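Everything below concerns the one structure shown next.
No lab work stands behind these numbers, since they all come straight from the coordinates. All of these numbers come straight from a predicted model, not from anything done at the bench. As a convention, Cβ positions derive from the backbone with ideal geometry for all residues, glycine included, and neighbour counts pool all protein chains shown.
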There are 2 protein chains.
Amino acid sequence: MKPFHAYFQNINGTDTYPLDEVIYRSKVDNSLLEVHHDREALAERSPEEWKKLFAERRMSFKPEDMSGIWSKREMVLPEMPVEDIVTMREGWSPLFDAAPLAKELGIKSLKVKLCGNSHTGSFKDLGMTVLVSQVNHIIKKQIHEIDAVACASTGDTSAALSAYCAKAGIPSIVFLPAGKTSTAQLIQPISNGSIVLALDTDFDGCMKIVQEVTKDNRIYLANSMNSLRVEGQKTISPEICQELGWKVPDVVIIPGGNLGNVSALAKGFEDCKAMGLINKIPRIVVAQAEHANPFYQAYERGFDKLVPVQAKKTLASAIQIGNPVSYPKAVRAIQNTNGIVVSVTEEELANAAHRADRIGLYACPHTGVALGGLEKLVAAGKIDKEEAVIVISTAHGLKFTEFKVGYHEQKLEGIQSKFANPIFKAPAEIGAVMDILKKEMANRRR
Amino acid sequence: MKPFHAYFQNINGTDTYPLDEVIYRSKVDNSLLEVHHDREALAERSPEEWKKLFAERRMSFKPEDMSGIWSKREMVLPEMPVEDIVTMREGWSPLFDAAPLAKELGIKSLKVKLCGNSHTGSFKDLGMTVLVSQVNHIIKKQIHEIDAVACASTGDTSAALSAYCAKAGIPSIVFLPAGKTSTAQLIQPISNGSIVLALDTDFDGCMKIVQEVTKDNRIYLANSMNSLRVEGQKTISPEICQELGWKVPDVVIIPGGNLGNVSALAKGFEDCKAMGLINKIPRIVVAQAEHANPFYQAYERGFDKLVPVQAKKTLASAIQIGNPVSYPKAVRAIQNTNGIVVSVTEEELANAAHRADRIGLYACPHTGVALGGLEKLVAAGKIDKEEAVIVISTAHGLKFTEFKVGYHEQKLEGIQSKFANPIFKAPAEIGAVMDILKKEMANRRR
């Protein structure tokens, strides 16, 4: 049997590098690198053998088997020694059956993959376990000297980076623009002991600094030009298929900003198909916030080219991106899967999120973008009533208390809160209380 | 084989009731009811058969098997039809290996059971799936008419109740004292569509109203006098043992307020022992906040009796309870297991929580109480250096942003933040940035 093997390769396929090298761009054409797998080696095992192996690992209590990512390790980083893996049981997040919402919308089925039910509360854990494990491996096996891992981020990426580095005992560094973020926004990396630097510059200036400090390779770069994270994120796809008994959903909807998650999702399904685990790839739908929708605009123009936009403020703050890094890969994902790109307003995303909460979800605004996109496409007849739909929920609603409070207090600017749920005030008297309850209970029975 | 069977029984064992009855107290002596199981029926299956069954269910993708609670359903509510179960994949929360902290403290091993990595962010999901499933069963099988489920709560209980009811389509009701809580504190039940009533009274007044509205049994009572929730919470114990290969930890530390979780933990281990799954029961340690420590005070007096106290404000808000409902059962748990009760100050709990964050945790203040208790008991030689310790973490740190921000900004009153992590301000110049990094990276390498 051929040994499993993966390596970095540039987009044009002209040069390759070992994963143990500290490198992010091609030495030939400076393009970003991708992780490639020896698919022949993976294909030597039959689909039935893979399915059996993945099923058996669900029974195991070894850390590497309990992780949704590392339980698929031959598809992720096949040469990673298990003792170097840094895991916090990421993956295997719940696939929430949103049957009542499917019924309301008139579609066959709707399930929501709750990637935010995780250690740091967002899907970023999926990629970060891979990146930090690789760094840990390089340090532990003394392949290179690495002093720390750094990123420029004010959100979920920095939270995931700091937590995984803290677990591994590797220093982490977070750069952010001074004066534009609160302690509350940075409180996860601060708590997990990151070196947090507020720089007198904007976000682009922070990106420049992070690239400078990582130049001599003693500080490792964790931003999304690092393609290792995609290998973790892509396991969402086999995980969904495995849970569905290796059946493939018809449509998967994901919120899109930088579009790295879109390319990861597509890669996951493609890998599964190459290994014979599934026989088709679902239609991939990317939902964008209207305030930051360059991908949607390009889609509407037949993907002529990406025209970067100045992203406007959106409630879906993590996808407020005007010039998405992973545009070419996301185009390929849409084109190869007969996919769709949809754009939703602030009001649509807010109402969609809180409509879903009524059936037990606790949706973040990005999940609201995906759910709002679903509503629009069903209404427009672009998603068929007979289709089984999966929505990818990217973060835990607990990270967005302000969004939810603002919505229910009807204080979100320019937004009519259709599903606002007011607090009733009443005297502590049974009669007055029962009057309110009788009316409201009848309204809410499903 | 005897069929598995469970029923309500009062503390004195004089009267029993079917679980399908809407009843919380004995009709004979008005004492609270407990769920009893036919242990003979459970013992007819051998320990090996149980272990095999529980192992196999880990491979299954049926909702009732993926839930940590319902995968032990014969121990929980054995007669519940699976189609009536209301689950959001609660349980099987990560057992975080806190080896670096164990090393610092000088104990053999330390693992933290992260019960807050869950749908609503706290361990209350474990009990609520059982209570709401039972209500759903009564409604679906038309055993009684139930219009809604109600609780008086301003915290995790109301969040869990509302989410599970929303999932099931059953109206839920939350009572709280007017003017004492913010929309933010109640935002989970508001989002999940609960009928939220702010009453012109204090918390005791809300408890009176909830008992009044639930009197005619059309509105079901979800507060902790309802013993169904214990059946879910107790599965923490078999879950820990199963993950450890049915080995029993030496010590389990849990934060205690109303003490229902303590009695549940003990019941879980006792049930396992009765079924032959384990051969000993760990020492149970209850950690209380000094500002609300009537259980500790009684322990220090040799458990002569409970003297209720006026609980003072504590950062560990969910255990700010002066008159714990489950005192007698918790006494039994401590006495039967050679257990300990420990009390920690506000400063101790805050520092313990943030010390743990440095190794990748994100500890809520209650988890801080448990971790602070551990530090104290190790220092006092009451926990042996050779003991394997489990700490129960009750909620996700994401619910306690204010606590963490206040700690790191050194603004928690009367508290010296030993592990505060300041944000460094710097110009966007590589030299200045590297000066800070070099110093800080060296400090943080583990």
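On a 0 to 90 degree scale, rounded to 10, what angle separates helix A:124-140 from the longest Cα axis of chain A?
20
At q = 0.13, 0.21, 0.23, 0.24 Å⁻¹, what log₁₀ I(q)/I(0) does a Debye calculation on the Cα points of the range A:344-446 give, no solvent, two decimals?
The Cα Debye sum returns log10 ratios of -0.58, -1.09, -1.20, -1.24.
Quick one: which residues, 5+ away or cross-chain, put their amide H under 5 Å from the amide H of A:A363? H built at 1.01 Å from N.
A:D357
Within 10 Å of each Cβ in A:89-95, how many Cβ atoms from other chains are there, averaged over the peptide?
4
Quick one: with label points 7 Å out along Cα→Cβ, list the inter-copy distances for A:L244 in nm, shortest first?
4.0
If you bin every alpha carbon distance in the range B:22-145 into 10 Å steps from zero, what whole percent lands in each bin?
Bin by bin from 0 Å, the calculated values are 11, 29, 34, 19, 6, 1.
If you scale each eigenvalue of the Cα gyration tensor by 5 and take the root, what three semi-axes come out for chain A, rounded to whole angstrom and sorted largest first?
The answer is 36, 26, 22 Å, longest axis first.
Within 10 Å, count the other beta carbons around each residue, average over each peptide in A:141-148, B:197-204, and list them highest first.
My ranking of the peptides, most packed first, is B:197-204, A:141-148.
Identify the residue of chain B whose Cβ lies closest to the rotation axis that maps chain B onto chain A, and give that distance in whole Å.
In residue-and-Å form, the answer is B:L398, 2.
If I fit a long axis through the Cα atoms of helix B:365-379 and take the longest principal axis of the Cα atoms of chain B, what angle between them do I get, 0 to 90°, rounded to 10?
So the helix axis and the longest Cα principal axis differ by about 70 degrees.
Find out how many positive minus negative residues lie around B:R358, taking Lys and Arg as positive, Asp and Glu as negative, among other residues whose Cβ is under 12 Å from that of B:R358.
Local charge sum for B:R358: +3.
Using the 7 Å Cα-to-Cβ label point, sort the distances from B:T14 to its equivalents in the other copies shortest first and give them in nm to one decimal.
Taking the point 7 Å beyond Cα along Cα→Cβ, the inter-copy spacings are 9.1 nm.
With the cut-off at 1.5 for a/c, could you classify the range B:32-89 from its C-alpha gyration tensor as rounded, prolate or oblate?
Oblate, because a/c is 1.5 or more while a/b does not exceed b/c.
For the range B:136-225, just say rounded, prolate or oblate: build the C-alpha gyration tensor, square-root its eigenvalues into a ≥ b ≥ c, call rounded for a/c under 1.5, and beyond that prolate if a/b exceeds b/c, oblate if not.
oblate
Is the shape of the range B:273-406 rounded, prolate or oblate, going by the alpha carbon gyration tensor and its root eigenvalues a ≥ b ≥ c, with a/c under 1.5 for rounded and a/b larger than b/c for prolate?
oblate
On a straight-distance basis, which aspartates and glutamates could pair with A:K425 in a cross-link, Cα separation under 14 angstrom, same-chain partners fewer than 8 positions away excluded?
Within the straight-line limit of under 14 Å, A:K425 reaches these aspartates and glutamates: A:D435, A:E440, B:D200, B:D202.
Using just the helices of chain B, give the 222 nm mean residue ellipticity in deg cm²/dmol: DSSP H runs with n ≥ 4 each add -39,500 (n - 2.57), and the total is spread over all residues, rounded to 500.
-11000 deg cm²/dmol
Over the Cα atoms of the range B:74-225, what is the Rg over Rh ratio if Rh follows Kirkwood?
Result: Rg/Rh = 1.06.
Fewest Cβ neighbours within 10 Å first, please rank A:S191, B:S162 accordingly.
Fewest-to-most ranking of A:S191, B:S162: A:S191, B:S162.
Once the Cα atoms of helix A:346-357 and of chain A are each reduced to a long axis, what angle between those two axes, in degrees from 0 to 90 to the nearest 10, is obtained?
Orientation of helix A:346-357: about 80 degrees from the principal axis.
Give the Kirkwood hydrodynamic radius (Å, one decimal) of the range A:203-341, defined as one over the mean of 1/r across all pairs of different Cα atoms.
It works out to 16.1 Å.
In whole Å and largest first, what semi-axes does the C-alpha gyration tensor of the range A:207-251 yield when each eigenvalue is scaled by 5 and square-rooted?
Sorted largest first and rounded, they come to 36, 10, 5 Å.
Taking springs between alpha-carbon atoms closer than 10 angstrom, which of A:T16, A:T154, A:T235 fluctuates most in the Gaussian network model of chain A?
Highest fluctuation among the options: A:T16.
Taking every pair of alpha-carbon atoms in the range B:7-54, give the share separated by more than 14 Å as a whole percent.
That tail contains 56 percent of the Cα-Cα pairs.
Which net charge results for the neighbourhood of B:I240, defined as the other residues with beta-carbon distances under 10 angstrom from its beta-carbon, given Lys and Arg at +1 and Asp and Glu at -1?
Neighbourhood net charge equals +1.
Give the lysines whose C-alpha is closer than 16 Å to that of B:K27, dropping any in the same chain fewer than 8 places away, or say none.
By straight Cα distance, B:K27 reaches B:K215.
Looking at chain B, send over the antiparallel percent of its DSSP beta bridges, to the nearest 5.
Counting only bridges with both partners in chain B, antiparallel ones make up about 30 percent.
Using alpha carbons only, how many angstrom separate the centre of the range A:11-86 from the centre of the range A:124-182?
20
Under a crude label model (7 Å from the Cα following the beta-carbon direction), how far is A:E402 from B:R45 in nanometres?
Result: 5.0 nm between the two label points.
Let me check the size of the protein assembly as shown from its C-alpha atoms; what are the radius of gyration and Dmax in Å?
Expressed in Å, the Cα Rg and Dmax of the protein assembly as shown come to 26.6, 85.
Mind checking which aspartates and glutamates have their C-alpha under 12 Å from B:K399, skipping anything on the same chain fewer than 8 residues away?
Those aspartates and glutamates meeting the cut-off are B:D156.
Apply the Karplus curve 6.51 cos²θ - 1.76 cosθ + 1.60, θ = phi - 60°, to the phi angles in the range A:2-10 and return the couplings in whole Hz, x for Gly and Pro.
Karplus values, whole Hz, x for Gly and Pro: 5, x, 5, 8, 9, 7, 7, 9, 6.
Along Cα→Cβ at 7 Å, what distances in nm separate the B:D200 label point from those on the other copies, shortest first?
Values, ascending and in nm: 5.7.
Order by neighbour count: B:R301, B:R58, B:R446, fewest other Cβ atoms within 10 Å first, most last.
Ordered by Cβ neighbours within 10 Å, fewest first: B:R301, B:R446, B:R58.
Just rank A:V22, B:V174, fewest to most, by other beta-carbon atoms within 10 angstrom.
A:V22, B:V174
Restricting to the protein assembly as shown, what percent of DSSP beta bridges are antiparallel, rounded to 5?
That works out to approximately 30 percent antiparallel.
log₁₀ I(q)/I(0) of the range B:136-286 at q = 0.09, 0.18, 0.19 Å⁻¹, via Debye over equal Cα point scatterers, no solvent, to two decimals?
Evaluating at q = 0.09, 0.18, 0.19 Å⁻¹ gives log10 I(q)/I(0) of -0.37, -1.04, -1.09.
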